[in-house]
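The values are calculated or read from the model by the stated rules, or taken from the named source; none is laboratory data. In this text the structure is predicted, and so the values were computed from the model without any measurement. As a convention, Cβ positions derive from the backbone with ideal geometry for all residues, glycine included, and neighbour counts pool all protein chains shown. Remember, those area values only see protein heavy atoms, side chains included, never the ligands or the DNA or RNA. Shrake-Rupley method; radii C 1.70, N 1.55, O 1.52, S 1.80 Å.
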Amino acid sequence: MADSFRVALSGDFRKPDGTPTFPDFDVAPLRDHAGVEVVFLEPGPEIKAEQVADIDALILLVPRFSAASIPASSRLAAVARFGVGYDNVDVAACTAKEMAVVITPDGVRRPVAAAILTFILALTGKLFTKDRLTRSGPEGFAKRTDHMGVGLVGKTLGSVGIGNIGAEMFRLARPLDMKFIAHDPFADAAVAKELGVKLVDLDTVFRESDIVTVNCPLMPETRHLVDADRLALMKPTAYFINTARGPIVDQKALTRVLQERRIAGAGLDVLEKEPPDEEDPILRLDNVIFAPHALCWTDQCFAGIGAADVRAVLDIMHGRQPRGVVNREVLSTAGWQRRLAGYASRFGA
Ligand SMILES: NC(=O)c1ccc[n+]([C@@H]2O[C@H](COP(=O)([O-])OP(=O)(O)OC[C@H]3O[C@@H](n4cnc5c(N)ncnc54)[C@H](O)[C@@H]3O)[C@@H](O)[C@H]2O)c1
């Protein structure tokens with residue numbers, strides 16, 4: 001099979017009994033594509049260079065891909081992460097070897113935006129409280145009037161970040177008839193305008209929103225971006241939702257604000273430490289709804305992530321620039337363009 005385009009999947013895509021880790025990830029369009037050979041690597045904490053020496057593209061789940069994972073053969077063209085995080089990939093090392101690192105924003109956009117909507121509706125509808133009231137029988141029913149929900153029409157939905165997920169959240173929330181505001185230093189003004197989102201400074205998001213959502217990446221500049229001072233700007237009736245990354249929020253400060261009921265509540269899919277310590281005081285709060293960094297996990301989410309990786313890998317095979325490239329500077333290098341031209345001439349454009 002010297003002429004095939006060889007795609008490796010990291011070993012953790014199969015459970016020890018050989019069944020797929022994510023059954024919704026459909027490998028068939030790749031496996032059945034003429035000229036493609038799919039192989040599963042032996043599992044391990046880090047990809048070894050010899051495992052990928054005769055591989056064209058690697059689809060990577062959890063193992064590390066470090067500088068030492070890059071084979072001397074220089075055949076490997078791309079590392080495609082299954083998801084959008086890529087802290088397990090040494091991107092600089094890949095860039096130095098003119099290899100593309102690909103992620104799958106197309107796969108997570110809708111599922112995470114839907115997860116934020118889930119939090120918005122559950123928090124403002126007091127869903128969990130009303131669930132508890134119902135379970136406590138007549139006594140619970142008698143307390144119904146003490147737990148009014150919050151109507152959303154005319155209220156302000158704010159976002160820290162209006163990228164892939166932030167924009168989709170506003171898109172999905174359009175029928176709710178809310179006002180939309182966002183802060184994003186790199187916002188695409190045309191996207192904001194099209195969605196009816198007013199771009200404002202960061203403090204305004206906290207001061208004016210009835211629901212503050214976090215949709216920016218975790219970077220040195222955004223670590224503890226949501227701190228005691230910013231939380232102090234929020235209205236006592238406002239809700240805080242984080243589905244981005246835990247360390248963007250100073251969780252001790254958030255815990256205090258929630259304990260003192262200085263905001264109405266929170267929906268948290270992510271925490272500073274995951275899983276959290278069992279004695280973490282935030283877990284005792286009744287004004288927070290949690291999810292274990294998995295609220296967006298659905299059949300369609302993993303199908304979409306897998307489909308995005310498959311599409312990227314097949315694009316490369318046919319000499320097309322893939323979507324979702326993290327180290328975009330690679331795409332204009334002579335080495336990368338030579339690779340693509342070589343694939344196009346072997347497998348057809
Ligand atoms: N909970 C989950 O399962 C899950 C799944 C996927 C993604 N995420 C997280 O969701 C977040 C958003 O992902 P995305 O795909 O929309 O990313 P994205 O890169 O498309 O968008 C992020 C936006 O944040 C903006 N930004 C950067 N610095 C900022 C700052 N200081 N203040 C405000 N905005 C800033 C960027 O300009 C960009 O527009 C990320 O943190 C990602 O890790 C979570």
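Seen from LEU233, the other residues with C-beta closer than 12 Å to its C-beta sum to a net charge of -1, counting Lys and Arg as +1 and Asp and Glu as -1. Ligands, DNA and RNA are left out, and with a 1.4 angstrom probe the accessible area of the chain is 48 Å² per residue.
Loop-resident GluC sites (Glu not before Pro) (DSSP state other than H, G, I, E or B) in region 240-303 with no more than 11 further Cβ atoms inside 10 Å of their Cβ: GLU260, GLU278, GLU279.
Summary value for the chain: 17 percent relative contact order, contacts being C-alpha pairs under 8 angstrom separated by 6+ residues. Result for the chain in a Gaussian network model with C-alpha springs under 10 Å: among ALA308, ALA244, ALA189, the largest mean-square fluctuation is at ALA189.
Among the chymotrypsin sites (Phe, Trp or Tyr not before Pro) within region 95-188, those in coil by DSSP and having at most 15 neighbouring Cβ atoms inside 10 Å are PHE186.
Computed with a 1.4 Å probe on the full set of protein chains, the accessible area for ARG64 sits at about 120 Å².
Within the shell defined by Cβ-Cβ distances under 14 Å, the residues around GLY137 carry a net charge of +3, with Lys and Arg each +1 and Asp and Glu each -1. Placing dummy labels 7 Å off each Cα toward the beta-carbon, the span from ASP188 to LEU283 is 4.0 nm. For LYS155, a cut-off of 18 angstrom between C-alpha atoms picks up these lysines, skipping any fewer than 8 places away in its own chain: LYS126, LYS179, LYS198, LYS235. Carbon-plus-sulfur accessible fraction, the chain (probe radius 1.4 Å, protein heavy atoms only): 56%.
Taking every C-alpha pair closer than 8 Å and separated by at least 6 residues, the mean separation divided by the residue count of region 236-286 gives a relative contact order of 47 percent. Across region 168-195, the residues whose backbone nitrogen lies under 20 Å from the label position 7 Å along the beta-carbon direction of GLU274 are 168-169.
Computed from phi, the 3J(HN,Hα) profile of region 302-317 under the Karplus parametrisation 6.51, -1.76, 1.60 (θ = phi - 60°) reads 6, 4, x, 5, x, 5, 5, 5, 4, 4, 5, 5, 5, 4, 4, 4 Hz, with x in place of Gly and Pro.
Taking θ as phi - 60° and the Karplus parameters 6.51, -1.76 and 1.60, the scalar couplings of region 82-98 work out to 8, x, 10, x, 9, 5, 8, 10, 7, 5, 4, 5, 5, 4, 4, 9, 6 Hz in sequence order, x denoting glycine and proline. Here the extension length gained between GLN337 and ALA49 equals 101.4 nm, from 0.36 nm per residue of separation less the Cα-Cα distance.
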